[in-house]
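Q: Handing you this structure, nothing more for now.
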Amino acid sequence: MNSDEITLLLGFAKGMDPQIAVDDLSISAWSNVLPEQITLHDAMRFVREHYQETDRVLKPAHVVGRHRMATTPAPIVKAEPTHDCMDGYVLVEEQRNGQSYTAAARCELCAKPQRR
């Protein structure tokens, strides 16, 4: 972001929080912290989200943190299915000739192939 965009951003934030300073020192400080990759549009969205969630005074780190969260892909976590099995077997309800039976069947999720 350039200094003109940061001036607009700080003015936008000041509209929500009068404690935000829009002066040469603040513009220079924010310019040194915010990466150039952040667009004014995104930064304004991050400011809006910040004040929707908290009344804390906005700092450059809040904008940078939201930018990182928005641009860093989430890690892929492969979750193991949870199930109730007992040593590789599960209880199965079956209906035969109008009668209900309970049987043990190999658990498809964790049972190892049978050896021959």
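The values are calculated or read from the model by the stated rules, or taken from the named source; none is laboratory data. Note that the structure is a prediction, hence the values are computed from the model and not measured. FYI the Cβ positions are ideal-geometry reconstructions off the backbone, even for glycines, and counts take in every protein chain you see.
Q: Taking the stated definitions as given, is MET86 loosely packed, with under 14 Cβ neighbours inside 10 Å and either over 23 Å from the mean Cα position of the chain (by Cα) or modelled with pLDDT of 75 or more (or both)? Break it down into steps so the answer makes sense when it comes.
A: Details: loosely packed, with under 14 Cβ neighbours inside 10 Å: yes; either over 23 Å from the mean Cα position of the chain (by Cα) or modelled with pLDDT of 75 or more (or both): yes.
Yes; evaluated as a whole, the condition is true for this residue.
Q: Further, regarding this structure: Is it the case that some residue within segment 32-48 is among the aliphatic types (A, V, I, L, M) and more than 28 Å from the chain's Cα centre (by Cα)? Break it down into steps so the answer makes sense when it comes.
A: So the first thing to find is which residues in segment 32-48 are among the aliphatic types (A, V, I, L, M), and the list is 33-34, 38, 40, 43-44, 47.
Among the residues that remain, those that are also more than 28 Å from the chain's Cα centre (by Cα) are: none.
Within segment 32-48, none of the residues are among the aliphatic types (A, V, I, L, M) and more than 28 Å from the chain's Cα centre (by Cα).
Q: Go through segment 1-56 and tell me which helices (runs of 4 or more DSSP H), entirely inside it, have 1 or more residues that are charged (D, E, K, R) and touching a Cys at 6+ places or on another chain (Cβ under 9 Å).
A: Numbers: elements: 3-16, 24-33, 40-53.
Filter on segment 1-56 gives an empty set.
Q: A further question follows. Taking only segment 3-47 into account, find how many residues are more than 12 Å from VAL63 (Cα to Cα), surrounded by 16 or more Cβ atoms within 10 Å (Cβ to Cβ) and of a type in the set (Asp, Glu).
A: 1
Q: Related question: Any residue in segment 24-37 that is at pLDDT 95 or above and either among the charged types (D, E, K, R) or in contact with a His (Cβ under 7 Å, 6 or more places away or on another chain) (or both)?
A: Scanning segment 24-37 turns up at least one residue that is at pLDDT 95 or above and either among the charged types (D, E, K, R) or in contact with a His (Cβ under 7 Å, 6 or more places away or on another chain) (or both).
Q: Still on this model: Given the structure, is HIS67 of a type outside the set (A, V, I, L, M, F, W, C) and either assigned to a loop (DSSP other than H, G, I, E, B) or touching a helix residue (DSSP H, G or I) at 6+ places or on another chain (Cβ under 6 Å) (or both)? Even if it seems obvious, please write down each step before you answer.
A: Working: of a type outside the set (A, V, I, L, M, F, W, C): yes; either assigned to a loop (DSSP other than H, G, I, E, B) or touching a helix residue (DSSP H, G or I) at 6+ places or on another chain (Cβ under 6 Å) (or both): no.
Spelling it out, it is not the case that HIS67 is of a type outside the set (A, V, I, L, M, F, W, C) and either assigned to a loop (DSSP other than H, G, I, E, B) or touching a helix residue (DSSP H, G or I) at 6+ places or on another chain (Cβ under 6 Å) (or both).
Q: Next up: Taking interchain pairs and intrachain pairs at least six residues apart, which have beta carbon atoms under 7 angstrom, with the first residue in segment 96-110 and free of Cβ contacts under 8 Å to residues at least 60 places away in the same chain and the second part of a strand (DSSP E or B) and surrounded by 12 or more Cβ atoms within 10 Å (Cβ to Cβ)?
A: That search, which allows pairs on different chains as well, returns ALA104/TYR89; ALA105/TYR89; ALA105/VAL90; ARG106/TYR89; CYS107/TYR89; CYS107/VAL90.
Q: Give me the pairs: first residue in segment 21-38 and farther than 12 Å from ASN2 by Cα, second residue of a type in the set (S, T, N, Q), beta-carbon distance under 7 Å, and six or more apart or on different chains, which are they?
A: Filtered contacts from segment 21-38: VAL22/THR7.
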